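Chemist: Submitted below is the structure of interest, expressed as structure tokens.
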Amino acid sequence: MRYAMAIDLDRCIGCRTCAVVCKNFNAQPQGIWWNRVFTSGTPEYDVAVKVDGQLRMEFVPISCQHCTDAPCVTACPTQASYVDADTGTVLIDYERCIGCRMCASACPYGVRQYNWGKPAKMVGLGDTVYEYGYPRDYRDDGHLVYAPERPEGVMEKCTFCAQLTSQGEDPACCTACPGNARIFGDLDDASSAIRTYLDGTDREPFTLGDEYHTEPNVFYLASHEVSQENPLEDAADEKGA
């Protein structure tokens with residue numbers, strides 16, 4: 001079994017629903033975002049860039065790439081960061097993590113986050129049934145890899161929602177994406193959603209940072225070439241003629 005995710009950039013509209021639902025579901029503290037969405041070609045979000053003289057805007061969501069050869073795991077002095085033998089998912093044991101941030105220095109994707117404080121409580125909800133964050137601890141073969149009230153001073157990152165996928169469900173970001181841009185599953189299963197999707201596309205999937213040789217398990221599909229023709233200009237030319 002090898003869990004993986006495909007992100008179709010042709011479907012991504014940059015709404016950041018993935019980032020928000022990830023933060024909510026995983027009870028992330030203030031200032032921490034396991035999922036982030038960037039705008040291609042600019043350090044600022046939601047800013048168009050010129051491509052061949054025309055304005056264009058494309059989005060790239062980035063979170064943990066769940067590398068097969070994960071440098072964060074190699075760098076961790078306490079073996080708090082590890083690759084789950086059953087799923088290939090890179091996880092962090094909060095009880096072993098000493099917050100040294102060696103893994104963050106080793107990660108070429110900049111996705112590791114340091115937890116400076118406990119998750120903030122939601123206020124003003126009264127007696128509503130709304131719950132912030134998955135309510136129970138989750139352990140992977142004895143490792144504490146999720147806790148709604150985790151200790152301060154530990155590293156955090158995407159877990160492919162291990163507390164959900166262990167029950168046969170998709171990660172929260174996949175379920176919530178309004179454009180169905182995220183596809184999750186077992187790459188080793190020919191009938192899985194991700195295997196079917198990747199095998200059925202005419203686009204070549206790519207991974208980020210091939211020069212790092214980390215063998216990521218998050219695959220991207222580039223957006224189709226979009227015509228930059230302005231139909232209003234064509235209409236004006238015809239009217240003038």
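Chemist: Can you tell me which of Cys22, Cys18 is in contact with a strand residue (DSSP E or B) (Cβ under 9 Å, 6 or more places away or on another chain) and modelled with pLDDT of 90 or more? Show your work before the answer.
Modeler: Numbers: Cys22 fails: in contact with a strand residue (DSSP E or B) (Cβ under 9 Å, 6 or more places away or on another chain).
On inspection, the qualifying residue turns out to be Cys18.
Chemist: For the stretch 79-107, give me each residue that is at positive phi and open to solvent by less than 60 Å² (accessible area, probe 1.4 Å). So that I can check it myself, show each step before the final result.
Modeler: Narrowing the stretch 79-107 to residues at positive phi: 79, 88, 99, 101.
Once the filter is applied, which keeps residues that are at positive phi and open to solvent by less than 60 Å² (accessible area, probe 1.4 Å), the stretch 79-107 yields Gly88, Gly99.
Chemist: Restricting to the stretch 34-73, what's the tally of residues that are modelled with pLDDT under 85 and open to solvent by less than 10 Å² (accessible area, probe 1.4 Å)?
Modeler: 1
Chemist: Also, I was wondering about something else. Looking at (1) closer than 20 Å to Trp33 by Cβ; (2) touching a Cys at 6+ places or on another chain (Cβ under 9 Å), which is the only condition Gln163 fails?
Modeler: (2)
Chemist: Another question about this same structure. Restricting to the stretch 136-152, count the residues that are in contact with a Phe, Trp or Tyr (Cβ under 9 Å, 6 or more places away or on another chain), in a loop (DSSP other than H, G, I, E, B) and either open to solvent by 20 Å² or more (accessible area, probe 1.4 Å) or within 18 Å of Arg2 (Cβ to Cβ) (or both).
Modeler: Looking only at that region, the number is 5.
Chemist: Tell me which strands (runs of 3 or more DSSP E) are completely within the stretch 27-99 and hold 1 or more residues being of a type in the set (Gly, Ala, Ser), or say none if there are none. Break it down stepwise before answering.
Modeler: Values: elements: 36-39, 49-51, 54-56, 59-62, 81-83, 90-92.
So the answer is 81-83.
Chemist: Identify, from the list Cys76, Cys12, Cys22, the residue that is surrounded by 15 or more Cβ atoms within 10 Å (Cβ to Cβ) and over 22 Å from Cys177 (Cβ atoms). First the steps, then the outcome.
Modeler: Working: Cys12 fails: over 22 Å from Cys177 (Cβ atoms); Cys22 fails: over 22 Å from Cys177 (Cβ atoms).
Answer to the selection: Cys76.
Chemist: So is Gly117 of a type outside the set (Asp, Glu), over 23 Å from Gly209 (Cα atoms) and at pLDDT 95 or above or not? Walk me through it before giving the result.
Modeler: Details: of a type outside the set (Asp, Glu): yes; over 23 Å from Gly209 (Cα atoms): yes; at pLDDT 95 or above: no.
Here the answer is no, as Gly117 does not meet what is asked.
Chemist: Let me ask you something else. Which members of the stretch 13-26 meet the condition of being in contact with a helix residue (DSSP H, G or I) (Cβ under 9 Å, 6 or more places away or on another chain) and assigned to a loop (DSSP other than H, G, I, E, B)?
Modeler: Just the residues of the stretch 13-26 that are in contact with a helix residue (DSSP H, G or I) (Cβ under 9 Å, 6 or more places away or on another chain), to begin with: 17-22, 24-26.
Once the filter is applied, which keeps residues that are in contact with a helix residue (DSSP H, G or I) (Cβ under 9 Å, 6 or more places away or on another chain) and assigned to a loop (DSSP other than H, G, I, E, B), the stretch 13-26 yields only Asn26.
The values are calculated or read from the model by the stated rules, or taken from the named source; none is laboratory data. Only a predicted model underlies this, so the values are computations on that prediction, with no experimental measurement involved. Using ideal geometry, Cβ is built from the backbone for each residue, glycine included, and neighbour counts are taken over all protein chains shown. For the accessible areas, the whole protein counts, side chains as well, though only heavy atoms, and no ligand, DNA or RNA atoms are used. Shrake-Rupley method; radii C 1.70, N 1.55, O 1.52, S 1.80 Å.
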